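**Q** One structure coming up, written as structure tokens, with questions to follow.
The values are calculated or read from the model by the stated rules, or taken from the named source; none is laboratory data. Quantities reported herein were computed from a predicted structural model and do not represent experimental measurements. Because the Cβ atoms are built from the backbone with ideal geometry, glycine has one as well, and the counts that use them run over all protein chains shown. To get the accessible areas, we keep the full protein, side chains included, count just its heavy atoms, and leave off ligands, DNA and RNA. Shrake-Rupley method; radii C 1.70, N 1.55, O 1.52, S 1.80 Å.
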Amino acid sequence: MNDFFILRCFRWRINLVLLAVIVVIFILGTNTVWSEQAIGTRTKRVLIISSYSSDFPAYALFADGIRQRLAEDPNTAFQIFHESLDLLRFSNNDSFIENLETVLWQKYRNSRPDIIIVHGEPATHFVKQYGTKIFGDTPTILVAYAYFQEMNRYRELPTNYTVIAPLLENTDKALQLILDLKPDTNKIYIVLGASAMEKNTLQNITQQFSLIPECTELIYLDDLAYQDMIEYIQEIRGNAAILFLTFQQDVNGVGYVPTDVIKEISKVAQVPVFGLLQPYIGSGCIGGYMINTKSLSRQAADSAVDILQGKTAKDYPVEIINTGSYWFDWREIQRWDIDEASLPQGSLVMYRPTNFMYVYKWYIVGGVVLFAIQTIILVLLVKNLRKRKRAEQELIRLDRLNIVGEMAASIGHEVRNPLTTVRGYLQIFQRKEKFIEHREQLATMIEELDRANTIITEFLSLAKNKKIDLQPGNLNATIQALLPLLKAEALHFGNEIHEEIGHIPMFNFDDKEIRQLILNLSRNAFEAMDAGGILTVKTYFENEKIVLAVKDTGSGIPKEILNKLGTPFVTTKASGTGLGLPVCYRIADRHGAKIDISTGLEGTTFTLRFPPVNPI
């Protein structure tokens with residue numbers, strides 16, 4: 001019994017839980033419905049009526065703009081229907097018009113749209129005449145392309161009608177644009193069809209041409225068969241341009257799609273072609289001051305949304321708007337050599353190339369410039385590092401010279417005095433009879449002492465604090481005085497010597513030291529050349545500096561030796577002391593001059609550049 005009671009209580013509790021779940025689901029569902037109603041989610045039926053066929057470019061662009069704008073409304077779902085009346089081909093057929101009225105009435109009498117948008121003439125004329133009978137009081141927006149003087153025909157309309165009228169007062173701007181971009185133009189050919197609507201257009205546009213210069217001739221191609229018009233345009237040459245308005249029907253009553261016509265015209269024309277409507281862009285025309293179909297469609301869709309939301313109708317049912325703007329085809333601008341900078345401010349340029357180079361041109365240019373700057377900086381840094389390294393090597397060499405010079409100054413005299421004493425005693429021994437058999441050995445000893453004395457003399461030349469006697473003189477005179485000695489040296493080695501004495505001013509220098517420098521460099525050159533070599537001693541004046549150059553025709557200095565030149569005791573000669581060049585560097589240093597070395601397989605040149613001087 002107790003078990004049965006417990007089981008019943010358990011079932012009762014389960015039923016309560018299930019009931020509670022059902023109640024919660026019901027409440028949530030009800031709230032969802034109420035929420036949808038609260039935010040106004042609804043579906044509206046929109047009918048778009050076109051004057052032309054469904055594939056007519058201007059209508060396709062217009063309908064696409066309507067669809068895009070309506071899709072942006074978060075609170076309304078739209079069903080869009082299309083009716084293409086094709087009145088371009090059948091506008092003169094009365095039976096077609098009557099049957100069209102009947103068909104539309106039967107089609108929509110039981111399922112009328114919430115709003116109607118009518119695009120272009122002659123559909124607006126058709127709906128204005130038959131719309132009330134077909135659609136009753138359904139809100140209707142007429143998008144009527146018209147001139148200002150034609151607005152009166154839309155003044156008296158039923159209250160459910162609203163008119164959006166993009167003005168066609170843009171022909172004068174189109175003509176002026178042609179003259180601005182092509183100032184040499186003296187003939188403008190205006191292409192226009194022969195339909196009733198196009199003839200009406202011709203009457204209206206002629207009133208806009210009062211500002212066109214008299215020197216510019218306007219030629220109308222409005223009364224020709226299509227093929228005759230194409231052949232005529234094919235022969236146009238010179239400083240001329242073509243302004244294409246529209247071509248829906250030729251003089252024989254044959255209908256055409258304007259975008260196809262302007263495409264064919266642009267293909268055969270030998271002069272630039274301009275247009276008035278946005279759909280013409282991409283068909284071969286340069287562009288022009290054009291009605292913006294996309295902007296027009298958005299304004300029509302905005303008005304439709306306002307009306308569907310219950311906003312009050314305007315007191316004046318005709319809304320005149322200007323959607324004109326400058327549109328251009330980049331490809332045609334390039335083809336006809338038009339400077340893009342000359343286009344009106346705010347112009348929209350379509351069909352720019354999307355290749356990598358064009359899109360990222362300035363990034364690439366910036367990268368190249370940055371790379372060039374970095375390269376220049378890197379080159380300068382490398383040059384600076386090399387210059388710094390050379391300066392460090394020069395400092396090391398000078399430090400070594402200074403150390404050697406200090407040693408020379410401190411011990412040179414102490415060594416030379418005993419040597420002089422020894423030499424004197426050896427000369428005395430040479431004169432004594434008992435040393436006759438040793439005279440050759442004594443002579444050799446004296447010769448070696450003289451050689452040691454010469455080395456010590458060169459050693460003392462390295463002294464940093466050695467005083468120099470600067471006197472005004474001419475370097476050419478010093479060289480001329482040395483020439484006999486240099487020629488004797490050249491003859492000894494089987495070489496030749498050439499001098500190239502340039503015009504140089506007098507300046508202050510130590511004649512003895514410069515002589516020693518020239519002799520050291522010349523002896524090194526003679527020893528570096530084989531028989532038949534040529535030594536050239538040259539002087540010239542360059543950048544306010546006196547320059548001395550000593551050039552040989554030897555085999556050049558090895559690279560491993562080149563960086564060590566000027567270091568004391570470094571030599572490539574078996575009997576050399578390695579002090580000749582260090583002495584030259586020390587002499588140059590005392591004169592504030594700099595030695596540069598240029599070497600190669602054709603020889604070596606030592607160039608001594610003295611500091612800038614004012615001629616004495």
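**Q** Within region 183-196, does at least one residue satisfy the condition of being farther than 24 Å from residue 258 by Cβ, touching a strand residue (DSSP E or B) at 6+ places or on another chain (Cβ under 6 Å) and either at pLDDT 80 or above or open to solvent by 80 Å² or more (accessible area, probe 1.4 Å) (or both)? Steps first, answer last, please.
**A** Of the residues in region 183-196, the ones farther than 24 Å from residue 258 by Cβ are 183-184, 186.
Checking which are touching a strand residue (DSSP E or B) at 6+ places or on another chain (Cβ under 6 Å) leaves us with none.
Scanning region 183-196, I find no residue that is farther than 24 Å from residue 258 by Cβ, touching a strand residue (DSSP E or B) at 6+ places or on another chain (Cβ under 6 Å) and either at pLDDT 80 or above or open to solvent by 80 Å² or more (accessible area, probe 1.4 Å) (or both), so the answer is no.
**Q** Cβ-Cβ under 9 Å, sequence separation 6+ or interchain: first residue in region 356-368 and modelled with pLDDT of 75 or more, partner open to solvent by 70 Å² or more (accessible area, probe 1.4 Å) and assigned to a helix (DSSP H, G or I). Which pairs?
**A** 364/356; 364/357
**Q** Counting only residues that are touching a residue at least 60 places away in the same chain (Cβ under 8 Å) and assigned to a helix (DSSP H, G or I), which one in region 525-555 is least open to solvent (accessible area, probe 1.4 Å)?
**A** Here the residue is 525.
**Q** Here's another thing I want to ask about it. On the basis of being within 30 Å of residue 137 (Cα to Cα), outside any loop (DSSP other than H, G, I, E, B) and out of contact with any Pro (no Cβ under 7 Å at 6 or more places or on another chain), does residue 302 make the cut?
**A** Values: within 30 Å of residue 137 (Cα to Cα): yes; outside any loop (DSSP other than H, G, I, E, B): yes; out of contact with any Pro (no Cβ under 7 Å at 6 or more places or on another chain): yes.
When the stated conditions are applied, residue 302 passes them.
**Q** Right, another one. If the requirement is being under 22 Å from residue 599 (Cα atoms) and over 58 Å from the mean Cα position of the chain (by Cα), which of these qualifies: 519, 491? Give the derivation first.
**A** Working: 491 fails: under 22 Å from residue 599 (Cα atoms).
519 is the lone residue from the list that is under 22 Å from residue 599 (Cα atoms) and over 58 Å from the mean Cα position of the chain (by Cα).
**Q** While we're looking at this one, here's another question. Inspect all residues belonging to region 71-81 and state whether any of them is open to solvent by less than 20 Å² (accessible area, probe 1.4 Å), part of a loop (DSSP other than H, G, I, E, B) and either modelled with pLDDT under 85 or in contact with a strand residue (DSSP E or B) (Cβ under 6 Å, 6 or more places away or on another chain) (or both).
**A** no
**Q** Would you check if there is a residue in region 321-329 being charged (D, E, K, R) and open to solvent by 50 Å² or more (accessible area, probe 1.4 Å)? Give the steps one after another, and end with the answer.
**A** Our first condition is that a residue be charged (D, E, K, R); within region 321-329, this holds for 329.
Checking the rest, the ones that are also open to solvent by 50 Å² or more (accessible area, probe 1.4 Å) come to none.
No.
**Q** In addition: Look at residue 332 and say whether it is modelled with pLDDT of 90 or more, buried (at least 21 other Cβ atoms within 10 Å of the Cβ) and among the acidic types (Asp, Glu). Step through it out loud before you land on a result.
**A** On the way: modelled with pLDDT of 90 or more: yes; buried (at least 21 other Cβ atoms within 10 Å of the Cβ): yes; among the acidic types (Asp, Glu): yes.
Yes.
**Q** Further question on the same structure: Could you tell me which residue of region 569-603 is most open to solvent (accessible area, probe 1.4 Å), considering only residues that are in contact with a Gly (Cβ under 6 Å, 6 or more places away or on another chain) and modelled with pLDDT of 80 or more?
**A** By that ranking, first place goes to 601.
**Q** Would you mind listing the helices (runs of 4 or more DSSP H) fully within region 195-290 where at least 3 residues are free of Cβ contacts under 8 Å to residues at least 12 places away in the same chain? Can you show your working first?
**A** Numbers: elements: 196-205, 226-234, 258-268.
By residue number, 226-234.
**Q** Still on this model: Return the residue satisfying two criteria in turn: it lies in region 522-546 and is small (Gly, Ala, Ser) and more than 16 Å from residue 588 (Cβ to Cβ), and of such residues it is farthest from the chain's Cα centre (by Cα).
**A** Step one: of region 522-546, the residues small (Gly, Ala, Ser) are 522, 525, 528, 531-533.
Then keep just the ones that are more than 16 Å from residue 588 (Cβ to Cβ); that gives 525, 528, 531-533.
Details: 525: 56, 528: 57, 531: 62, 532: 61, 533: 58 Å.
The extreme case among them is 531.
**Q** Taking residue 315 and the conditions (1) open to solvent by 60 Å² or more (accessible area, probe 1.4 Å); (2) modelled with pLDDT of 85 or more; (3) of a type in the set (Asp, Glu), which numbered condition does it fall short on, given that it satisfies the others?
**A** It is condition (2) that residue 315 fails.
**Q** State which residue is modelled with the highest pLDDT when the search covers only region 556-568 and only residues that are out of contact with any Ser or Thr (no Cβ under 7 Å at 6 or more places or on another chain) and open to solvent by 30 Å² or more (accessible area, probe 1.4 Å).
**A** Here is the first cut: in region 556-568, the ones out of contact with any Ser or Thr (no Cβ under 7 Å at 6 or more places or on another chain) are 558-560, 563-568.
Still in the list and also open to solvent by 30 Å² or more (accessible area, probe 1.4 Å): 558-560, 563-564.
Numbers: 558: 85, 559: 81, 560: 79, 563: 74, 564: 74.
Filtering region 556-568 for residues that are out of contact with any Ser or Thr (no Cβ under 7 Å at 6 or more places or on another chain) and open to solvent by 30 Å² or more (accessible area, probe 1.4 Å), the one modelled with the highest pLDDT comes out as 558.
**Q** Can you work out which of the residues in region 118-142 that are out of contact with any helix residue (DSSP H, G or I) (no Cβ under 9 Å at 6 or more places or on another chain) and among the small types (Gly, Ala, Ser) is surrounded by the fewest Cβ atoms within 10 Å (Cβ to Cβ)?
**A** Looking at residues that are out of contact with any helix residue (DSSP H, G or I) (no Cβ under 9 Å at 6 or more places or on another chain) and among the small types (Gly, Ala, Ser), I get 136.
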